[in-house]
1. Obtain the nm distance between the two label points defined at residue B:119 and residue A:364 by a simple spin-label model: each point lies 7 Å from its Cα along the Cα-to-C-beta direction.
2. Could you list A:364, B:283 so that the one with the fewest beta carbons within 10 Å of its beta carbon is first and the one with the most is last?
3. How many nm separate the modelled label positions at residue B:81 and residue B:59, each set 7 Å beyond the Cα in the direction of the Cβ?
4. Compute the orientation-averaged projected area for chain B from the convex hull of its Cα atoms and round it to one decimal in nm².
5. Given 0.36 nm per residue, what is the gain on full extension from residue A:352 to residue A:390 after removing their alpha carbon distance, in nm?
6. For segment B:279-396, what does the relative contact order come out to in percent, with C-alpha contacts under 8 Å and a separation of six or more?
7. Calculate the spin-label point distance for residue B:151 paired with residue B:136, positioning each point 7 Å from the Cα along the beta-carbon direction, and give it in nanometres.
8. In nm, what is the difference between 0.36 nm times the number of residues separating residue A:36 and residue A:328 and their Cα-Cα distance?
């Protein structure tokens, strides 16, 4: 049975994913196309080096947006003198095929740095791509944006919005990729969120910023930051709800839905970290400030030593403590509590606890670490993955 | 033939290294003892969690110092409620054996976090330790402070200081350890420097700070920061030179010697990174500010992806570029040049260069990466090591 999954879940969004020849056989070219104009909001990499695709998108993001083209296998950055020209040629051709001015089109790329996009291969595939696009193409698109990802990542969320005392459903769908070069602000990843909600630009901006802050900005795979990070949310308003404005109850409902979608995808990205087989969730509470809590949580989730210990299921809480201490924030180490799973392992001083129990906790597919600082009331959660020999093998060589 | 190596190279310093039972067979307890009072200056970890040994030393560092006790195999941090008491007991006993008030003694520890020091084992070995101490004990001490280090690290430097128009030699000696948990400011490491130079406290402080800033603070193995980092320099004045004051030519000479000693030891630590078989030297020039240059150099030297690519001898300069871009500094990516060895691989755009040549460069024991930003005049050098599967194996389990 055909299903409207991922980005195709909300009303009026088609998607497609095909092979255009950047990769040998796997899908490498995707598109999301909306029936009607969308407002689009985005968060993107803070890396000084940015891909041409990202620069193109940032130029057009404030226009009404109709579609986005996405390729994998080539990051479209630092590839050569005519990288920008090639980008423009591709987008002009996409514009012709889709029948929409290129001002209304976005572009995103992921893959290896330093190679020009194969202009002709992509251009000659655009017609097929657009013709293939359907309301059931979410899965194909989610596959086409994968690089070293082990599985496609999609999410569908339905949330009810009260409109004139009658509740109406709005839908949020999304897909994401990301496996290496994953580090906070942003994690190296692409995420595409669609919604049929009618929402004001400023409300969408706020909702997305909050959602990204607590999700994609809180995952780390290897502390390396990409040149292509891009989270974009398209809203086409087809759900017919009364336009959502900031500081309303509708806004809260929508924000919650969007945050859930982003958290789901972010966790999937962390879980799918290169070479990893375990998701590490780090909760920090009792911090002086949210900034402190976030910093400590990310520091622990990103520590090579903590991550390697998780691989060996070695309950080395000393590394967790040292990692927390190195986050340049103030707290009293003796007032700190550390938990692995539900077991307290440190309470100012080491707790006596059976190591085999802790080893079991660290062997779970989702490993949970909690640090209570007992200094204040702020908290934060970060996600990472374990560090394995396979991570090194994957990143040593081209294939 | 017996040699005065490492910390024993300057006049008047004895050292010893023995096994006291923290480890099964390997040496695990060391001492450096000066014939006369020294002034001591130190740089230590900024980690919020600090070892009891470090706290002890920081308390006494401003006093005239006669000796330092060092143990490996146990970090003496977060081990239990009476960790501080045990530390004091050990130092009081060391004081009795050596015949010097404990106010004049320092302490340093390295090893696993979260275990109490074996008080009795250490105390019952102190007499032997002090009796064994000799002018030829440098190597024993350098061995006793090792943890997962593959080789002891020592340095001897002689430098001439002009005193009343007659030049006089002063000597600088040093030893260091460090293999994992190595990250800038400070790297997780211990370094002990001795000198027979007569020097004012403020001059020693400045010279050490400068030397550490360009050496130990510029190495990274795994971006994890220790609770025990400690660089300490002892000056006993036995060389008989006119006391070195700040802003003099003598100060320049001494500083240069001290900097060379620190750089040598720092590079040895990076080279000896856990599981690594290659030293990576990253030079950044043409940056707007020294802060920028330092940040970028450390970011590249610490990038898991760059380090894994070096292991595979894969000239993936895209990762170098992305890593530079992520350092939160301003530069124009198109004006950037990247060199691997002496070969330019990126000049605003990719350079055509035979991959086999680059693979050879990346297979050398010392891999050299240079990034020219062409933005300003500041430069910096950082050192790291490659990331291997063995690093993961070492850090997965206890043994």
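Every read-out reported here was derived from the displayed coordinates using simple, explicitly stated rules and does not represent laboratory data. Everything quoted here is computed from the prediction, not taken from an experiment. Please note: Cβ atoms are built from the backbone with ideal geometry, for glycine as well, and neighbour counts cover all protein chains shown.
1. 3.8 nm
2. Result, fewest neighbours first: A:364, B:283.
3. For the pair residue B:81/residue B:59, the computed spacing is 1.9 nm.
4. That works out to 20.2 nm².
5. Using 0.36 nm per residue and subtracting the Cα-Cα distance, I get 10.3 nm.
6. Numbers: 241 pairs, mean separation 54.4, N = 118.
Averaging sequence separation for qualifying contacts and normalising by length gives 46 percent for segment B:279-396.
7. Label at residue B:136, label at residue B:151, 2.3 nm between them.
8. 100.3 nm is the gain from fully extending residue A:36 to residue A:328.
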